[in-house]
Amino acid sequence: NELISGDLLLFNTQGHKASHVGLYICDDKFVHAPSQHAGKVQVASLQNSYWRKRFIGARRPRHPG
């Protein structure tokens, strides 16, 4: 399946499933809050080796209606 804007991206960053979530925007990019210490939302790429290695799947939220 192709990713579309608004899909939730799930990552395993702490040794267990879905410990981090990002929101897909487009062109293999997503927004996420990397940590409480960073203090801001950032844009990252799924092509980044760190995120690619930890990516476990995507979910498409249901839209009401």
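The values are calculated or read from the model by the stated rules, or taken from the named source; none is laboratory data. Keep in mind the model is a prediction, meaning the values are calculated, not measured. Quick reminder, even Gly has a Cβ in these numbers, built from the backbone with ideal geometry, and neighbours come from all protein chains shown. The protein model used for the area step is the full one, side chains on, heavy atoms only, and it has no ligands, DNA or RNA in it. Shrake-Rupley method; radii C 1.70, N 1.55, O 1.52, S 1.80 Å.
Would you confirm, using the coordinates I've provided, whether Val31 is exposed (fewer than 15 other Cβ atoms within 10 Å of the Cβ), under 9 Å from the mean Cα position of the chain (by Cα) and either closer than 23 Å to Ile4 by Cβ or of a type in the set (Lys, Arg) (or both)? For Val31, the condition - exposed (fewer than 15 other Cβ atoms within 10 Å of the Cβ), under 9 Å from the mean Cα position of the chain (by Cα) and either closer than 23 Å to Ile4 by Cβ or of a type in the set (Lys, Arg) (or both) - is met. In the condition set (1) open to solvent by 50 Å² or more (accessible area, probe 1.4 Å); (2) touching a Ser or Thr at 6+ places or on another chain (Cβ under 8 Å); (3) part of a loop (DSSP other than H, G, I, E, B), Thr13 is compliant with all but (1).
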